[in-house]
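*Asks:* First the structure, which I've put down as structure tokens, then a few questions once you've had a look.
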Amino acid sequence: MLQKAIFIVLVTSFIFINGFAQTPDQPTQNIYLPKIDGSLKTKFEYDLESKKMRFEVRNARFGARGNINKYFGYRVEVDLSDEGKIKMLDAYVKVTPVENMDVYLGQRKVPFGTDYLRNPVENIFANRSFVAKYVNNELRDIGLVVNYQFKFHVPFDFWVAAMNGTGNNNPQWIDKPNYSTRLIVGPVKNFRLVGNFYQGSTLLENKLSMIGGEMRYQTDKLLIETEFLHRHFTDTGFIAQNQYGFYVHSYYNFFTNVKMIQIISPTLRWDFMGKEVAETSELIANRITSGINFSFEPKQFKAEIRLNYEKYFKKALPAHFDKFTVEFIAKF
């Protein structure tokens with residue numbers, strides 16, 4: 001029995017080593033190995049009104065992506081600390097039947113809104129915009145997404161999705177799916193225009209429809225971006241409601257010759273949100289966020305320290321107050 005066991009081990013080892021051995025005539029298989037990635041956002045906040053403070057691990061994401069072959073790929077990602085909760089994020093299979101076309105089936109963010117689609121470490125600021133956090137929040141869902149890129153003189157990037165509408169990791173039976181479309185035009189001469197549309201219902205919203213528009217100008221040093229979103233729905237009490245949000249933000253990169261700090265980026269954002277219920281309109285929040293980001297890598301959003309100051313001119317929600325934030329981010 002011992003001899004047979006040794007023989008099996010040796011044969012198995014030979015097959016394993018031979019399968020991964022690389023020769024000049026053998027194509028590499030490394031392109032099909034999973035790529036592990038992750039991101040961390042940790043921060044310190046000081047409430048300038050109550051004089052209280054807190055430390056927080058805002059996000060601790062871990063994921064993998066890869067290809068099975070030239071047609072099939074996949075993505076899985078979890079967050080070990082999404083405001084203190086563990087959440088499954090992306091979990092989908094990607095099929096590329098023809099060039100420039102990708103088909104996704106599984107769970108992912110609905111293709112709607114630039115700021116919402118950003119990874120947390122790529123949000124530019126320590127705290128998300130009102131548009132991303134409130135107006136089009138909780139749009140991660142399970143469904144089918146198709147993306148096609150048109151390679152014309154003016155490039156077009158078109159997305160269409162059919163989703164459950166029941167939210168993150170909640171595969172309930174539905175009568176019909178929610179629909180989303182997203183059209184990106186450009187960039188052409190550093191300009192990009194985007195239009196978004198979403199229609200359907202959620203567990204708490206009937207006759208839900210959202211429309212959004214975006215514009216961006218971006219170079220290696222400068223970013224100016226603006227986004228507007230309007231959300232209309234009927235709540236469980238059959239009352240029609242409208243929500244809206246807007247932001248414009250910018251940064252400018254100063255590339256340094258210092259060994260430790262590679263980029264210094266002053267940042268500025270103005271954003272607001274409001275709602276309308278029974279023909280009564282109210283501005284819920286209005287603020288300006290200023291800050292400075294220090295990048296410790298030649299590429300942004302990899303290893304940064306961010307300093308932010310938020311000044312509110314209108315704050316109808318208790319969570320809104322003037323504060324100072326120090327944030328560390330790491331993406332690997």
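*Asks:* Quick one: in region 156-181, of everything that is surrounded by 15 or more Cβ atoms within 10 Å (Cβ to Cβ) and aromatic (Phe, Trp, Tyr), which residue is nearest to Ser201 (Cα to Cα)?
*Replies:* Result: Tyr179.
Results for (1) buried (at least 16 other Cβ atoms within 10 Å of the Cβ); (2) over 20 Å from Arg182 (Cα atoms); (3) of a type in the set (Val, Ile, Thr), shown as yes or no for each residue.
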{"position": "Ile36", "(1), (2), (3)": "no, yes, yes"}
{"position": "Phe55", "(1), (2), (3)": "no, yes, no"}
{"position": "Phe62", "(1), (2), (3)": "yes, yes, no"}
{"position": "Tyr71", "(1), (2), (3)": "no, yes, no"}
{"position": "Arg75", "(1), (2), (3)": "yes, yes, no"}
{"position": "Asp79", "(1), (2), (3)": "yes, yes, no"}
{"position": "Glu83", "(1), (2), (3)": "no, yes, no"}
{"position": "Ala126", "(1), (2), (3)": "yes, yes, no"}
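*Asks:* Write out, first by first residue and then by second, each pair whose Cβ atoms fall under 6 Å of each other, whose residues are 6+ apart or on separate chains, and whose first residue, in region 309-330, is touching a residue at least 24 places away in the same chain (Cβ under 8 Å) and farther than 13 Å from Phe44 by Cβ while the second is among the polar types (S, T, N, Q) and surrounded by 16 or more Cβ atoms within 10 Å (Cβ to Cβ).
*Replies:* From region 309-330, the pairs are Glu310/Thr289; Phe313/Asn286; Lys314/Asn286.
*Asks:* Identify the single condition in (1) hydrophobic (A, V, I, L, M, F, W, C); (2) closer than 30 Å to Pro266 by Cα; (3) touching a Ser or Thr at 6+ places or on another chain (Cβ under 9 Å) that Leu117 does not satisfy, given that it satisfies every other one.
*Replies:* (3)
*Asks:* Of the residues in region 228-240, how many are outside any loop (DSSP other than H, G, I, E, B) and loosely packed, with under 15 Cβ neighbours inside 10 Å?
*Replies:* Final tally of qualifying residues: 2.
*Asks:* Given the conditions (1) among the small types (Gly, Ala, Ser); (2) loosely packed, with under 15 Cβ neighbours inside 10 Å; (3) at positive phi, which single one is not true for Gly195?
*Replies:* Of the numbered conditions (1) among the small types (Gly, Ala, Ser); (2) loosely packed, with under 15 Cβ neighbours inside 10 Å; (3) at positive phi, the odd one out for Gly195 is (3).
*Asks:* Here is a further query. In this structure, is Val135 within 30 Å of Ala316 (Cα to Cα), surrounded by 15 or more Cβ atoms within 10 Å (Cβ to Cβ), modelled with pLDDT under 95 and touching a strand residue (DSSP E or B) at 6+ places or on another chain (Cβ under 7 Å)?
*Replies:* Judged against the criteria, Val135 is a match.
*Asks:* Which pairs turn up if I take residues in region 234-263 that are closer than 30 Å to Asn206 by Cα and among the aliphatic types (A, V, I, L, M) and look for partners that are surrounded by fewer than 11 Cβ atoms within 10 Å (Cβ to Cβ) and modelled with pLDDT under 95 with beta carbon separation below 8 Å, at least 6 apart in sequence or on another chain?
*Replies:* What qualifies is Ile239/Ala278; Ala240/Ala278.
*Asks:* Given Lys315, Lys275, which one is charged (D, E, K, R) and either surrounded by fewer than 18 Cβ atoms within 10 Å (Cβ to Cβ) or closer than 26 Å to Glu56 by Cα (or both)?
*Replies:* When all the criteria are applied, what remains is Lys315.
*Asks:* Only residues that are touching a helix residue (DSSP H, G or I) at 6+ places or on another chain (Cβ under 9 Å) and of a type in the set (Lys, Arg): list them for region 41-69, please.
*Replies:* The answer is Lys41, Arg58, Arg61.
*Asks:* Is it true that Glu225 is out of contact with any Lys or Arg (no Cβ under 6 Å at 6 or more places or on another chain), surrounded by 15 or more Cβ atoms within 10 Å (Cβ to Cβ) and touching a residue at least 24 places away in the same chain (Cβ under 8 Å)?
*Replies:* Considered against the rule, which asks whether it is out of contact with any Lys or Arg (no Cβ under 6 Å at 6 or more places or on another chain), surrounded by 15 or more Cβ atoms within 10 Å (Cβ to Cβ) and touching a residue at least 24 places away in the same chain (Cβ under 8 Å), Glu225 comes out as no.
One line per residue, one yes/no per condition, for (1) within 26 Å of Trp159 (Cα to Cα); (2) modelled with pLDDT of 95 or more; (3) of a type in the set (Gly, Ala, Ser):
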residue	(1), (2), (3)
Gln218	yes, yes, no
His230	yes, yes, no
Trp270	no, yes, no
Lys299	no, no, no
Lys302	no, yes, no
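*Asks:* Considering only region 189-197, I want to know if a residue exists there that is over 23 Å from Tyr244 (Cα atoms) and free of Cβ contacts under 8 Å to residues at least 24 places away in the same chain.
*Replies:* yes
*Asks:* How many residues does region 143-164 contain that are under 17 Å from Val98 (Cβ atoms), of a type in the set (A, V, I, L, M) and part of a loop (DSSP other than H, G, I, E, B)?
*Replies:* The number of residues fulfilling the criteria is 0.
*Asks:* Something else: Within region 204-222, how many residues are in contact (Cβ under 8 Å) with a residue 60 or more places away in the chain and not basic (Lys, Arg)?
*Replies:* 3
*Asks:* Further, regarding this structure: Suppose we keep only residues that are among the polar types (S, T, N, Q) and assigned to a strand (DSSP E or B) within region 181-216. Which one would you say is modelled with the lowest pLDDT?
*Replies:* For region 181-216, the residue satisfying everything is Asn206.
*Asks:* Where residues in region 251-272 are over 17 Å from Val326 (Cα atoms) and among the polar types (S, T, N, Q), which of them is surrounded by the most Cβ atoms within 10 Å (Cβ to Cβ)?
*Replies:* Gln262
The values are calculated or read from the model by the stated rules, or taken from the named source; none is laboratory data. Keep in mind the model is a prediction, meaning the values are calculated, not measured. Positions of Cβ are generated from backbone atoms using ideal geometry, with glycine treated the same way; all protein chains shown enter the neighbour counts.
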